[in-house]
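Here is the structure we will look at.
The values are calculated or read from the model by the stated rules, or taken from the named source; none is laboratory data. Please read all numbers here as calculations on a predicted model, not as lab measurements. As a convention, Cβ positions derive from the backbone with ideal geometry for all residues, glycine included, and neighbour counts pool all protein chains shown. Note: areas computed on protein heavy atoms with side chains; ligands, DNA, RNA excluded. Shrake-Rupley method; radii C 1.70, N 1.55, O 1.52, S 1.80 Å.
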Amino acid sequence: MQQVCIGDYGIVHICYVSPPAVAGIFPQDPALRMGSSLTATCTVSPERGLHANTMYWTMNGKRLPSSTYDLLSPNCLSVTLHHLNGSQQQSGDNLVCHSGDGHVLAGSCLYVGMPPEKPVNLTCWSRNTKDLSCKWTPGGRGETFIKTKYTLKYKLRWYGRERECEDYSTGQHYTCYIPRDLALFTPYEIWVEASNQLGTATSDVITLDILDVVTTDPPDNVHVSRVGELEDQLTVHWGSPPALKDFLFQAKYQIRYRLEDSTEWKVVDDVGNQTSCRLAGLRAGTVYFVQVRCNPVGIYGSRKAGIWSDWSHPSAASTPHSERLQSGSCEPKPGEQNSTLRRELKQFFGWVRKHAYGCSGMSIKLYDQWRVWLQKSHKTRNQVDKTDSNCYGIVVPSAGRLS
Amino acid sequence: MSGHVKNMCPQLTISQAARTLLSLLLVAAIDSVSAGVVCRKQPCGSSLQRSLKLTKLIHKESVDLLKTYKLSQGDMSELFCQMSINNVPDPNISGLDPSERMLSIYSHCKAFLPHLKRVTEQQTDLQPPSCSLLSKLSTAHNRTNGLANQINCIYQTLFPNLPIPPEPVDGPTSVPPSQNVFQQKVYGCVVLKRFKAFLSRVTRELRTLKSQVCTRRITFADTNALF
């Protein structure tokens, strides 16, 4: 049973006339907005023989100053908290009323937070038209400080009842998985509802046909191998994902590759629907990592592209070492001082290795030819340039023999 | 069906002879069942040793479980654990002779199970799904259930003429009615604290029982063998 008490400044408080047990706190487990204020009362049973002026309050283990207390009656003490911060744990902040010797008389858990903001960036994709996965981002800063539930809902656009996604356990936050029973050639409306004790928010509705957001598995059996003794080429073969056969997909592929000790990938676009490709213009005697991914197109006759798959596991291979190097090293001797001249010499020797056969025909004339070449074709000095690294069929300038 | 989906249900072909053997084994197993538990008669020492190991494992995990629980409830939770609450099983093992004490272990294991389950349900509402507390609570429940079954079997083996009382459905250790959040936090802490203390006692008790009961049986068997 509760009794209304009037405290300082005419503020109305609720004290228990008959506390449920030894003592009771009002309110119990309230949900409050950040920055708001709260006045709570602790009423102790008269049988305890305690006077309220011996009691004190703690919040999350920290004693609250007595200046925030108000003695409402011999067995009822209130505390007023202003500018509440967000809850420190999802289970709620512990507001506890103690007797003078420290014993816990009663407690109440406060849930201080914010209502959710509208979820954003809702995107969905289907793996081989069989299922639908969706992900979104919480609105605002994404931190509400209290338990917030996100529910993904969907329905067929022109008919059908609203349904809820049930599987949120994909291991990533803000994702949901619909495993089956999806209609094709019919648009779905999909949205996310966020709710907590302080409010709700709904994302924008997206409309999609499952067939518009199809992805597939990455290609398997990606093999990278040398092309005979060609020192600047590698060939890549892969298998098409089995699902393509089942769903009348065609496919287009994309390749990316990088040097072993580099983080920069080079991408080969428009490989088309072939399942092999030759990389050219590579560096001799170098290890390359290669990955392939697939995009299903031509779904049930459509020309529309789908969503790129994940990249395949990296495969690696090395280009053969250059034979010209074996005719004598043109490397500057170690211990030489770094200088502009040394740098230039290094570039010259590199060009000689590539375009001549060994350093046996070294002459000032060769040096002049290099200078001319330097001015004419600046780009060909970069051996991993994209224009030189298309799949087989694009002509790479060949090195002539110079004397 | 997409090629990357695996069939998780293996297809099993059983020959007629194997079916007959399986049926006989099932009948033999059912014959030894008491209170829905299938027991295989095993040497006294190894059964108790196995239960002792399991108890030590659950006890070790209960230390971490209680610590994780307290961290999840926010500050001040040590005081919560010291509050008195009715109907939570006490950690003490009762009885004068080995059969009574073993029965007490079994009864206490069974008594803790609904409380562990209730704490799990409550914390599922209070904690984020990724909280490790939830899986630890579930593990504690499952392992305690396993321990209860083991103790049951050992008891039946050692004391075949002493019946096990039916499990209490609504006894003095039944779970409390709905509670507010603060009460839930306190309740959970008291349950886990007593659970930890109980397991510590069970560890000591099983060591004692092993030396008392299994030694006595060996001595009796040796004596019989003389005749």
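The table that follows gives values for the structure above.
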quantity	calculated
Residue ranges of strands (runs of 3 or more DSSP E) in the stretch A:12-122 with at least 2 members in contact with a Gly (Cβ under 6 Å, 6 or more places away or on another chain) and within 14 Å of chain B (Cβ to nearest Cβ)	A:93-98, A:104-113
Enumerated strands (runs of 3 or more DSSP E) restricted to the stretch A:226-274, each holding at least 3 residues that are in contact with a His (Cβ under 9 Å, 6 or more places away or on another chain)	A:230-239
Subset of the stretch A:143-158 [among the aromatic types (Phe, Trp, Tyr), open to solvent by less than 50 Å² (accessible area, probe 1.4 Å) and away from chain B (no Cβ under 12 Å)]	A:Tyr154
Members of the stretch B:78-114 that are surrounded by fewer than 17 Cβ atoms within 10 Å (Cβ to Cβ), assigned to a helix (DSSP H, G or I) and within 14 Å of chain A (Cβ to nearest Cβ)	B:Glu78
Any pair with Cβ under 8 angstrom, 6 or more apart, that starts in the stretch A:274-287 at a residue that is surrounded by 15 or more Cβ atoms within 10 Å (Cβ to Cβ) and modelled with pLDDT of 95 or more and ends at one that is aromatic (Phe, Trp, Tyr) and assigned to a strand (DSSP E or B)	none
Residues located in the stretch B:49-77, provided they are of a type in the set (D, E, K, R), closer than 29 Å to B:Tyr106 by Cα and either within 13 Å of another protein chain (Cβ to nearest Cβ) or touching a Gly at 6+ places or on another chain (Cβ under 8 Å) (or both)	B:Lys70
Pairs, first part of a strand (DSSP E or B) in the stretch A:142-170, second of a type in the set (A, V, I, L, M), C-beta under 6 Å, six or more apart	A:Tyr150/A:Val192; A:Tyr150/A:Ala194; A:Leu152/A:Val192; A:Tyr154/A:Ile190
Residue check, A:Thr129 within 14 Å of chain B (Cβ to nearest Cβ) and either of a type in the set (A, V, I, L, M) or more than 30 Å from B:Phe182 (Cα to Cα) (or both)	yes
Single match in B:Thr144, B:Thr124 (criterion: closer than 19 Å to B:Val202 by Cα, surrounded by 14 or more Cβ atoms within 10 Å (Cβ to Cβ) and among the polar types (S, T, N, Q))	B:Thr144
When residues of the stretch A:211-242 are limited to those that are within 14 Å of chain B (Cβ to nearest Cβ) and closer than 22 Å to A:Cys134 by Cα, the one surrounded by the fewest Cβ atoms within 10 Å (Cβ to Cβ)	A:Pro218
Qualifying residue in the stretch A:250-259 (condition: open to solvent by 60 Å² or more (accessible area, probe 1.4 Å), modelled with pLDDT of 90 or more and not aliphatic (A, V, I, L, M))	no
Among (1) out of contact with any helix residue (DSSP H, G or I) (no Cβ under 9 Å at 6 or more places or on another chain); (2) of a type outside the set (S, T, N, Q); (3) on the phi > 0 side of the Ramachandran plot - the single one A:Gly102 does not satisfy	(1)
Residues of the stretch A:60-100 that turn out to be under 48 Å from the mean Cα position of the chain (by Cα) and surrounded by 21 or more Cβ atoms within 10 Å (Cβ to Cβ), as a count	11
Hey, B:Asn152 open to solvent by 60 Å² or more (accessible area, probe 1.4 Å) and assigned to a helix (DSSP H, G or I) or not	no
Evaluation of A:Leu230 against (1) at pLDDT 90 or above; (2) among the aliphatic types (A, V, I, L, M); (3) touching an Asp or Glu at 6+ places or on another chain (Cβ under 8 Å) (one fails), failing number	(3)
Condition met for A:Leu259 (under 16 Å from A:Gly306 (Cα atoms) and more than 14 Å from chain B (Cβ to nearest Cβ))	no
